[in-house]
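The values are calculated or read from the model by the stated rules, or taken from the named source; none is laboratory data. Remember, it's a predicted structure, so these values are computed and weren't measured experimentally. Neighbour counts run over all protein chains shown; Cβ positions are idealised from the backbone, glycine included.
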Amino acid sequence: MSSYVDCTKFGRDIFFLSGCTSFNTEKNITKVQPNQNAAASENSMMHHLQTFEEIAEQNGGNRAVGTAGGLASAQYILEQAKKAGLHAQMLPFENREKTVGQNIVIEIEGQSKDTAVIVGAHYDSVKMGPGINDNASGVAVLLALLQDYAKQKVKPKHTLYLAFWDSEEVGIAGSQAFVKSLSEKQLQGIQAYINVDMVGTKNPNIMIADGDHSSIAEMAAQFKANGLAQSDYQPILDSMSQLPKHPQDAALEERMRQYFKTNNIQIKDDVTTLTASDTLPFLGKVPVTSLILFNEQMKGDELEFAPCYHKACDTIDGVDVNSLNLALNVIQHLLSDLNK
Ligand SMILES: [Zn+2]
């Protein structure tokens with residue numbers, strides 16, 4: 001997670017992420033029926049996080065783009081692909097600070113080469129910390145998917161690309177460079193881009209992308225209810241309305257939502273997260289959805305998405321394995337649904 005529109009100026013008790021209002025979600029994520037290999041996946045996801053934490057510790061406390069910690073993180077992801085017998089592509093690019101980053105894309109061949117699903121998570125941290133929840137957690141979920149798919153004997157319907165983005169924390173640059181490199185034909189073949197960011201959060205509020213943009217009206221009503229002048233909040237609503245849309249975004253949101261409905265887990269959908277992570281470059285070009293787990297709090301005048309967000313204390317101690325497991329289950333469900 002890299003950036004967001006600051007809504008805190010509208011009042012300390014109103015959170016932009018949920019339409020500038022606070023909310024309570026029933027904390028029931030442990031309700032999910034674990035899949036058969038849940039214990040093995042949980043262990044390996046936590047092991048990945050441990051390794052990323054050690055990488056940061058050994059490299060000045062972070063895993064930021066262009067640093068030794070960043071490169072060691074890339075190396076670790078490559079090793080995991082190799083172990084699973086899969087080919088990984090390194091795709092270098094340059095960000096706005098002229099730092100060279102490395103996207104890593106791993107292909108799991110489907111029955112069709114012309115249609116694809118991409119699941120993406122950024123692996124770079126900010127310079128201020130090791131980035132374990134943000135976003136080694138998303139990387140761990142992708143690595144669990146990789147291990148799963150490597151074992152499967154039947155090819156998925158669509159070719160699956162697991163994309164590990166670099167430099168999300170600096171200008172969402174990796175995913176941007178990747179989208180730019182795609183041809184019109186390639187974009188048309190993409191059935192979905194699914195983003196996974198900050199999914200280790202303890203006691204989370206679950207946010208999925210607001211594919212039908214219904215939260216804009218909701219947000220307007222909340223601004224009004226909070227007694228704000230329309231001239232103050234209209235620019236925010238306008239910029240949200242102007243976000244590029246894809247005709248299939250809403251259907252994808254519905255597929256995602258279905259999982260939570262079936263498992264009786266309450267969620268909070270939200271449009272603003274679409275611009276704050278690697279979903280941004282894909283908007284309007286392919287169907288997009290995302291999963292983010294927040295536990296947002298006001299820290300003085302600042303909104304913190306999760307405890308230790310972008311800080312040195314973003315370590316494995318802040319991660320709940322149930323959250324990781326939930327994220328893995330959601331994405332697995334969505335993928336099997338998309339491959340039907
Ligand atoms: Zn971040």
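Selection of region 58-72 for residues being assigned to a loop (DSSP other than H, G, I, E, B) and over 16 Å from D314 (Cα atoms) yields V65, G66, T67.
Per-residue answers, yes or no, for (1) without any contact (Cβ under 8 Å) to a residue 24 or more places away in the chain; (2) outside any helix (DSSP H, G or I):
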| site | (1), (2) |
| --- | --- |
| A150 | no, no |
| Y161 | no, yes |
| E218 | no, no |
| F223 | no, no |
| G227 | yes, yes |
| A250 | no, no |
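For V139, the requirement of being surrounded by fewer than 24 Cβ atoms within 10 Å (Cβ to Cβ), within 16 Å of the ligand (Cβ to nearest atom) and within 19 Å of F52 (Cα to Cα) is not met. Taken together, the criteria exclude A84 from residues that are in contact with a Leu (Cβ under 7 Å, 6 or more places away or on another chain), in contact (Cβ under 8 Å) with a residue 24 or more places away in the chain and within 16 Å of the ligand (Cβ to nearest atom). Across region 280-293, the qualifying residues are those that are within 16 Å of the ligand (Cβ to nearest atom) and buried (at least 24 other Cβ atoms within 10 Å of the Cβ), and the one among them that is farthest from D249 (Cα to Cα) is L293. From the list S125, S183, S167, the one residue that fits, being in contact with a helix residue (DSSP H, G or I) (Cβ under 6 Å, 6 or more places away or on another chain) and either modelled with pLDDT of 95 or more or basic (K, R) (or both), is S167.
All conditions in (1) crowded, with 18+ Cβ neighbours inside 10 Å; (2) within 16 Å of the ligand (Cβ to nearest atom); (3) within 18 Å of T201 (Cα to Cα) hold for K299, with the sole exception of (1).
Just wondering, is there one or more residues in region 27-41 that are among the polar types (S, T, N, Q), modelled with pLDDT of 95 or more and either assigned to a helix (DSSP H, G or I) or surrounded by fewer than 22 Cβ atoms within 10 Å (Cβ to Cβ) (or both)? Before you say what the answer is, go through the steps one by one.
As a first pass, look at region 27-41 and keep what is among the polar types (S, T, N, Q): 28, 30, 33, 35-37, 41.
Applying the additional criterion that residues be modelled with pLDDT of 95 or more yields none.
Within region 27-41 (the criterion being among the polar types (S, T, N, Q), modelled with pLDDT of 95 or more and either assigned to a helix (DSSP H, G or I) or surrounded by fewer than 22 Cβ atoms within 10 Å (Cβ to Cβ) (or both)), the answer is no, since none of the residues qualifies.
Being within 16 Å of the ligand (Cβ to nearest atom) and surrounded by fewer than 19 Cβ atoms within 10 Å (Cβ to Cβ) is the requirement here; does G171 meet it? Considered against the rule, which asks whether it is within 16 Å of the ligand (Cβ to nearest atom) and surrounded by fewer than 19 Cβ atoms within 10 Å (Cβ to Cβ), G171 comes out as yes.
Checking the conditions here, which among I194, I265, I206 is modelled with pLDDT under 95, outside any loop (DSSP other than H, G, I, E, B) and either away from the ligand (no atom under 16 Å from the Cβ) or surrounded by 17 or more Cβ atoms within 10 Å (Cβ to Cβ) (or both)? So that I can check it myself, show each step before the final result.
Values: I194 fails: modelled with pLDDT under 95; I265 fails: outside any loop (DSSP other than H, G, I, E, B).
Among I194, I265, I206, only I206 is modelled with pLDDT under 95, outside any loop (DSSP other than H, G, I, E, B) and either away from the ligand (no atom under 16 Å from the Cβ) or surrounded by 17 or more Cβ atoms within 10 Å (Cβ to Cβ) (or both).
In summary, no strands (runs of 3 or more DSSP E) completely within region 87-130 bear 3 or more residues that are within 16 Å of the ligand (Cβ to nearest atom), out of contact with any Phe, Trp or Tyr (no Cβ under 7 Å at 6 or more places or on another chain) and among the hydrophobic types (A, V, I, L, M, F, W, C).
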